[in-house]
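Here's the structure we're looking at; comments come further down.
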Amino acid sequence: MPQALIRLLNELGAEATEETLRPALIHASVLSEHPDLESNERLEFLGDSVLELAVAEYLYTVYPDKDEGSLSKMRGVVVSRPALAETASVLDVGSHIRLGRGEEQSGGRARSSILAAAFEAIIGVVFLHWGYGVARDFVVRLMGDAIAKVGEVRSEDYKSLLQELGHRRFRAVPVYRLMESEGPEHRKVFTVEADLGGIQVLGRGRSKKEAEQAAAKRLYLRLEGDDEEGSV
């Protein structure tokens, strides 16, 4: 069991033990070998809701000048799978998840979906045993830096958001290439390709800067699993 996790919960006033937290670390793949166990999927469902509320409450309180749309975008970045998986990695959650043999052999301990789900399940356990106040403080303590970084970036600045995502997930920066400019001088349309992690998308705009933002937005949303189908 991650000792850093237990220490943090104890600092927050929760008398956490390995036994209490163990249900959050049982992946569904192990059930075929141990049918007597219960997976962490129900806890993940609960923890996801608590996480959304905790982050929403924090953003609402800390950023009184942000409108509903901006707060929603900020929350989406903070609770995204890559962000949750990174937090789980910092806590060394992957080393303690119970996996089936197949999932273990295929590298499941490092898979972002499994790490993020386990982290949400841990939040679910914290909520069940020690209530919303401790769960909220737990989320804020672990994700406060990520929230602050998002707060420093204008929510509509997808180039900045994509750069942050690239550093977090790929340890790389996005590359933009001008692919085409067409039309008369006063009505030019620029097409720019954004490339990050081997994934390329196109964006168009009335200026090169606008096209880069459009490409950055589409690539960011694709990497976060919320691509706008058919948009360029």
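The values are calculated or read from the model by the stated rules, or taken from the named source; none is laboratory data. Keep in mind that what you see is a predicted model, and the values were worked out from it rather than measured. Using ideal geometry, Cβ is built from the backbone for each residue, glycine included, and neighbour counts are taken over all protein chains shown.
Set side by side, the residues LEU59, LEU71, LEU37 differ, and just one is part of a loop (DSSP other than H, G, I, E, B) and in contact with a Leu (Cβ under 7 Å, 6 or more places away or on another chain), which is LEU37.
Here GLY102 does not qualify as under 20 Å from the mean Cα position of the chain (by Cα), touching a residue at least 60 places away in the same chain (Cβ under 8 Å) and not in a loop (DSSP other than H, G, I, E, B). Restricting attention to segment 152-174, does a residue exist that is modelled with pLDDT of 95 or more, within 29 Å of the chain's Cα centre (by Cα) and of a type in the set (A, V, I, L, M, F, W, C)? No, segment 152-174 contains no residue that is modelled with pLDDT of 95 or more, within 29 Å of the chain's Cα centre (by Cα) and of a type in the set (A, V, I, L, M, F, W, C).
Can you find even one residue in segment 135-145 that is touching a helix residue (DSSP H, G or I) at 6+ places or on another chain (Cβ under 7 Å) and surrounded by fewer than 18 Cβ atoms within 10 Å (Cβ to Cβ)?
For segment 135-145, residues touching a helix residue (DSSP H, G or I) at 6+ places or on another chain (Cβ under 7 Å) and surrounded by fewer than 18 Cβ atoms within 10 Å (Cβ to Cβ): present.
Tell me whether segment 105-117 contains one or more residues that are among the small types (Gly, Ala, Ser), buried (at least 20 other Cβ atoms within 10 Å of the Cβ) and either assigned by TED's automatic domain parsing to the domain that holds GLU44 or over 22 Å from LEU196 (Cα atoms) (or both). Yes; the residues of segment 105-117 include at least one that is among the small types (Gly, Ala, Ser), buried (at least 20 other Cβ atoms within 10 Å of the Cβ) and either assigned by TED's automatic domain parsing to the domain that holds GLU44 or over 22 Å from LEU196 (Cα atoms) (or both).
Does segment 123-131 contain any residue that is under 16 Å from the mean Cα position of the chain (by Cα) and at pLDDT 95 or above? Checked against the condition, which is being under 16 Å from the mean Cα position of the chain (by Cα) and at pLDDT 95 or above, segment 123-131 yields at least one hit. Pairing each residue of segment 64-87 that is under 12 Å from ILE147 (Cα atoms) and touching a residue at least 12 places away in the same chain (Cβ under 8 Å) with any residue that is hydroxyl-bearing (Ser, Thr, Tyr) and surrounded by fewer than 16 Cβ atoms within 10 Å (Cβ to Cβ), provided the two are 6+ apart or on different chains, yields C-beta distances under 8 Å for LEU71/TYR60; LEU71/TYR63; MET74/TYR63.
Give me the residue from segment 158-212 that is among the small types (Gly, Ala, Ser) and part of a loop (DSSP other than H, G, I, E, B) and, out of that set, surrounded by the fewest Cβ atoms within 10 Å (Cβ to Cβ). The residue in question is GLY198.
Right, LEU9: of a type in the set (A, V, I, L, M, F, W, C), over 19 Å from the mean Cα position of the chain (by Cα) and assigned to a loop (DSSP other than H, G, I, E, B) or not? For LEU9, the condition - of a type in the set (A, V, I, L, M, F, W, C), over 19 Å from the mean Cα position of the chain (by Cα) and assigned to a loop (DSSP other than H, G, I, E, B) - is not met.
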